[in-house]
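Below is one structure; the comments refer to it alone.
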Amino acid sequence: MLRVMLVDDEPLARQALRQSLAHMNDVELVAEADSVATARVEFARTRPQAVFLDIQMPREDGFGFLDGLELPPKIVFVTAYSEHAVRAFEIEAVDYLLKPVRPSRLAAAVARLRQACGLNESDESRYGAFDRICLRTSGRTLVATLDKVVALEADGDFTRFFVAGEAPVMICQKLGAYERMLPSPPFVRLSRSLMVNVHAFERAQRVSRDEEQVWFSGLAEPITLGRVAQARLREALG
């Protein structure tokens with residue numbers, strides 16, 4: 001399910017998009033906002049994966065919504081003005097729609113959003129064992145070989161990457177998408193919220209009847225595993 005938010009100061013523009021999106025499978029409208037200030041509040045409350053964002057609004061334009069966001073969503077700009085397109089794509093907007101939005105263009109934008117958010121299995125390309133992965137946020141781009149990726153941790157609709165020698169990187173994509181894309185082995189899903197690179201395993205130490213601490217090369221701290229995750233790790237290690 002693609003979770004989206006609409007941000008536009010024109011009620012009729014929001015209504016038109018709302019009605020069009022209502023006819024699309026696997027799209028859930030989780031919030032609407034008529035200003036950038038309201039959009040920030042609603043974004044923090046609902047954490048949509050994507051935002052349909054107007055540009056020219058009172059007090060603050062749509063670009064201002066992205067300022068300071070540590071984990072920005074995927075953006076489709078919806079505007080009556082074509083002159084902002086270059087700036088929009090400089091900040092890696094998924095699409096740029098001109099009002100009035102034609103149904104065919106909206107459908108294409110939604111398809112691109114699904115792909116950008118990892119929701120199209122048929123469009124997902126699997127990584128090879130020696131590939132590099134590009135992890136991009138609003139303030140940072142990290143390119144790493146897969147052998148340097150030690151673990152991935154789910155956080156709602158986001159995935160936190162732990163890469164050897166780097167600070168953790170939070171990406172707007174669900175862990176399940178990476179489970180389908182990354183090669184297995186060495187990447188193994190141990191629980192609903194954790195996937196690890198078994199090639200990085202170093203040692204394990206039991207800390208209680210049900211818990212075990214596991215050290216992986218490249219991580220400063222061990223990861224605590226429950227009984228089910230321990231069993232899955234042992235099976236993967238052979």
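Ile91 - would you say it is over 24 Å from Leu21 (Cα atoms), in the same structural domain as Thr224 (by TED's automatic domain parsing) and either in contact with a strand residue (DSSP E or B) (Cβ under 7 Å, 6 or more places away or on another chain) or not aromatic (Phe, Trp, Tyr) (or both)?
no
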Practice prompt. Within the range 193-238, track down each residue that is closer than 23 Å to Gln173 by Cβ and in contact with a Pro (Cβ under 6 Å, 6 or more places away or on another chain).
Written response: Asn197, Val198, His199
Discussion item. Quick check on the range 62-69. Is at least one of its residues buried (at least 17 other Cβ atoms within 10 Å of the Cβ), under 19 Å from Ser104 (Cα atoms), touching an Asp or Glu at 6+ places or on another chain (Cβ under 9 Å) and touching a residue at least 24 places away in the same chain (Cβ under 8 Å)?
Written reply: no
Worksheet entry | Conditions (1) loosely packed, with under 15 Cβ neighbours inside 10 Å; (2) within 20 Å of Ala22 (Cα to Cα); (3) of a type in the set (Val, Ile, Thr): number failed by Thr145 | (2)
Discussion item. One residue is enough: does the range 59-74 have a residue meeting the conditions over 20 Å from Met170 (Cβ atoms), modelled with pLDDT under 90 and of a type in the set (A, V, I, L, M, F, W, C)?
Written reply: no
Discussion item. Could you go through the range 115-138 and let me know if any residue there is modelled with pLDDT of 85 or more, assigned to a helix (DSSP H, G or I) and surrounded by 13 or more Cβ atoms within 10 Å (Cβ to Cβ).
Written reply: yes
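Any residue in the range 2-21 that is loosely packed, with under 13 Cβ neighbours inside 10 Å, assigned by TED's automatic domain parsing to the domain that holds Phe89 and modelled with pLDDT of 95 or more?
Checked the range 2-21: at least one residue is loosely packed, with under 13 Cβ neighbours inside 10 Å, assigned by TED's automatic domain parsing to the domain that holds Phe89 and modelled with pLDDT of 95 or more.
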Discussion item. Can you confirm whether Arg209 is of a type in the set (D, E, K, R) and modelled with pLDDT under 90?
Written reply: yes
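The values are calculated or read from the model by the stated rules, or taken from the named source; none is laboratory data. Note that the structure is a prediction, hence the values are computed from the model and not measured. For neighbour counting, all protein chains shown are included, and Cβ atoms are generated from backbone atoms with ideal geometry for every residue, glycine included.
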